[in-house]
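Visitor: Sharing a structure here in C-alpha cells format.
Since every read-out is calculated from the coordinates, none of them should be taken as a lab result. Here the structure is a predicted model, which is why all the values come from computation and not from measurement. All Cβ positions, even for glycine, are placed from backbone atoms using ideal geometry, and neighbour counts span all protein chains on display.
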Amino acid sequence: MSDRDSKTEYKSAERIAFDHYLRTGRILSSPTPLERKFNPYHDPRNGQFTFAPGGPRSLANVAISRQKRSLVGEHKLSNNIGRAAGNASSATQSIPPPGMPEAVYRPDENRADFQLTQYKPNPRARVGGNGGPPLNDPMTLERVFPGISAARGGSMLSLADNIFDLTGPSNRLTLSLMTDHVNLIIEQIRKIDPQYKLNTLGFPSTIEGLENLTSTWRLDRASAFYLARNEIRPLQVEVLRFLQEKTDIEYAKSVKLFNDGKLVPRFSREEAIGNQVDRAVRFELRKLYQGLDIATNANGPIRIIGREYDTSGSDKSYRIPDARIANIAFDVSLTKKTLGTAQIRGFFNADFSPDAVVIVRPRQLGVNSTYIITRPRK
Amino acid sequence: MKPYAPYIPLNISEIMDLLGWMMLNAPKFEDDTGYFAGQNIETEFLALNGGLSNIRKKVGEEAYQALITISDKMREHFEADPDDVGAGGREGRTCIREMEDILIASARRKSR
C-alpha cells in the first residue's frame, strides 16, 4: 500500500466532504459514511495475518495469539472455534472476528476496539485499572531528580525528562487522560480532607484550561498532605513546578521589556533581568502560600527569603535562599551555581542543614537549566 | 486554593518584590496561568497601598505621602495605556523606579 493510500484511509466522512467543498465549492448534502472492507484474514487486534475463520485450515491447526487468548478468554475462544466448526460445512459462511461483526471498517467511527496495526502497548504503563498510562505526577523530589538517593555527596542532578510536561501522550488521548488524572487527584485530596470543596465553576473543555486546573489541584493535594498529615515532600515538588513555571514566564517578560527599552538597567542587562525575575517570582510564591493557607515564618519549615544563620563558627553569618521547604533550599537564578559558589556552600553550612539545594533557572537558557545539588559529605 | 485575594506586603522588602513583579506584569496585572484567577489592576493596587500603609511608621510620614502620590499617578498611567503601546506604560514604570528609590533610601536610613 502506498503512503497516499494509507493517508486517505484515515480520512473521516466529514473531512472528505470538506475536501470536496474545497475542490468544487459544493457542499455534499449528506456525506455517506465511508466503508472499507475489512480483511478478515488479519487479527483486528494486532494486525497479524491469521487463517480465515471458518476455513478448513483454521480448524486443522488453530493458531491463536497469546494476546488474543488473554483478551478474549479461553472459554469464549473455544466457543468461537466450536461455532466455526459447526459452520465448516458451508465454506462461504465465515465467522467474523470478535469486535468486527460485519467485517466492514468505517473510518469515521471511533470505536474503542479498533487499533492501528502498528499499535504496541506501552510496556512501562502501570498495571491495574487506574485509568491508563501514567502522567508525570511525581510526589517526591526523588522522582523529579532520578538517582538522587544513590548520588554521591555534592552531586549535581538535572530534572527527569518532561517532568513538567503533561501532554506527553498524543493529543487525542490527552484530554481524557487528564480528566481521569484530575479525578484521581480530587479523590486523593478528599481521602485526606473529606471537607475539601472544589473552587471551580465548571470543568474546562480545553487542554490548557485543564492543565491550569490540574496544577491548582496538585497544589491543593500537596497542601492537604502538609496541613493534615505533616507530609511535606509533595509540597516540595509542587513548589518546584510553580517556581519553574513562574521563572520561565517572568524571564520571558523581563527579556522582552529589556529588548523594548522599557527595563532600564542600574548596572547591567543580566543584573536587571535577574533582579526583576527574582523579585517577581518571590512575590508570586507569597501569593501562592497565602492561597494555600500555608504560613511562612522563621520558626516554621517553610520560608521565603529568610536569613539562614550559621552559628557554628565564632562569627555568626547568614545566607538568604529565595525559598526553603524543610530540608530543601530553593534558589532562583540566571547564573549556574555549583558547590564552588560561596553562596551554595553557605546554604549547606547554615544551621537548618539542607539535604539539597535546588537551582531553578529559566528553561529558555537551555537543557538541564534546573538542577539539584546534594549535600556534600564530610 | 482559596479564591484569589491580594497579598498585602508586610515590610519594605516585600513591597520591593511587589514592585519588581509590577514592573513585569504592568499595565493589566492579570494572571495568565490560572493560579490567581481574578487578579487585576484593582487588586494589585489594593495590595500596594495596603503594603505602604503597613510600613508607614517605618518610612516616616513624608516618605509615605510621597509613595502614595506616586502610586496614584502610576495607576493613572497604566489605566491610560492598557495595551502598553503608548507613553502610559513607560511613565508608569518610571513611577515604579521612583518608589523603589524612596524605599531603598528609607531602608538605608533605618539600618544606620
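Visitor: Over the stretch B:12-111, calculate the relative contact order: mean separation of alpha carbon pairs under 8 Å at least 6 apart, over the residue count, as a percent.
Guide: 30
Visitor: With the cut-off at 20 Å, tell me which of the pairs A:LYS316/A:LYS336; B:LYS2/B:LYS58; A:LYS246/A:LYS287 have Cα atoms farther apart than that.
Guide: A:LYS316/A:LYS336; B:LYS2/B:LYS58
Visitor: Additional query: Calculate the radius of gyration of the Cα atoms of the stretch A:181-248 to one decimal place, then report Dmax, the largest Cα-Cα distance, as a whole number, both in Å.
Guide: Taking only Cα atoms of the stretch A:181-248, I get Rg and Dmax of 12.3, 35 Å.
Visitor: Could I ask something else about it? Find the Rg to Rh ratio for chain B, where Rh is the Kirkwood radius over alpha-carbon pairs and Rg uses the same atoms. List each step's numbers first, then the result.
Guide: Working: Rg = 14.0 Å, Rh = 14.3 Å.
Taking Rh as the inverse mean 1/r over Cα pairs, Rg/Rh reads 0.98.
Visitor: Shifting gears a bit: Could you give each residue of the stretch A:336-347 its phi-based ³J(HN,Hα) in whole Hz, using Karplus coefficients 6.51, -1.76, 1.60 with θ = phi - 60°, and x for Gly or Pro?
Guide: With coefficients 6.51, -1.76 and 1.60, one gets 7, 10, 10, 5, x, 7, 4, 4, 5, 4, x, 4 Hz.
Visitor: Let me spell out the model: positive unit charges on the Cβ of Lys and Arg, negative unit charges on the Cβ of Asp and Glu, origin at the Cα centre of chain B. What dipole size does that give, in debye rounded to 20? Spell out each step's value before the answer.
Guide: Details: 14 positive and 19 negative charges, 161 e Å.
Here the size comes out at about 780 debye.
Visitor: Looking at B:PRO27, B:ASN49, B:ILE104, which one has the Cα that reaches farthest to the positive end of the dipole of the stretch B:27-112 (charges on Cβ: Lys, Arg +1; Asp, Glu -1)?
Guide: Positive-end residue among those listed: B:ILE104.
Visitor: Moving on. Would you mind giving the mean number of other chain beta-carbons within 10 Å of the Cβ of each residue in A:255-264, as a whole number?
Guide: Numbers: counts 0, 1, 6, 0, 0, 3, 1, 9, 3, 4.
The shielding value for this peptide is 3.
Visitor: Which of B:LEU19, B:LEU52, B:LEU67 ends up with the largest GNM mean-square fluctuation for chain B, with Cα atoms connected below 10 Å?
Guide: Highest fluctuation among the options: B:LEU19.
Visitor: Let me ask another. At 15 angstrom or more along the helix axis (alpha-carbon based) and mean Kyte-Doolittle of -0.5 or higher, what helices does chain B contain? Whole DSSP H runs only.
Guide: Correct list, ordered by number: B:12-25, B:41-54.
Visitor: Per residue of B:24-35, what is the mean number of Cβ atoms on other protein chains within 10 angstrom of that residue's Cβ?
Guide: Across B:24-35, the average partner-chain Cβ count within 10 Å equals 5.
Visitor: Now for a different question. Per-residue Cβ counts within 10 Å, from other chains only, averaged over B:1-8: what number is that? Each step should come with its number before you reach the end.
Guide: Working: counts 13, 6, 2, 4, 3, 2, 9, 2.
Mean inter-chain Cβ contacts per residue within 10 Å come to 5.
Visitor: Would you kindly derive the ³J(HN,Hα) couplings of the stretch A:363-377 from the backbone phi angles with the Karplus curve 6.51 cos²θ - 1.76 cosθ + 1.60 (θ = phi - 60°), listing them in order in whole Hz, with x for Gly and Pro?
Guide: With coefficients 6.51, -1.76 and 1.60, one gets 5, 5, 7, x, 5, 6, 5, 9, 8, 10, 10, 7, 5, x, 8 Hz.
Visitor: For a quick check: sort B:ARG93, B:ARG108 by the number of other beta carbons within 10 angstrom, fewest at the front. Intermediate results must be reported in sequence, preceding the final value.
Guide: Details: B:ARG93 23, B:ARG108 9.
Least crowded to most crowded, the residues run B:ARG108, B:ARG93.
Visitor: Report the label-to-label distance for A:ALA295 and B:GLU62 in nanometres (one decimal), using points 7 Å from each Cα along the Cα→Cβ vector.
Guide: So the two model labels end up 3.9 nm from each other.
Visitor: Over what distance in Å are the Cα centres of the stretch A:321-378 and the stretch B:66-84 separated?
Guide: 37
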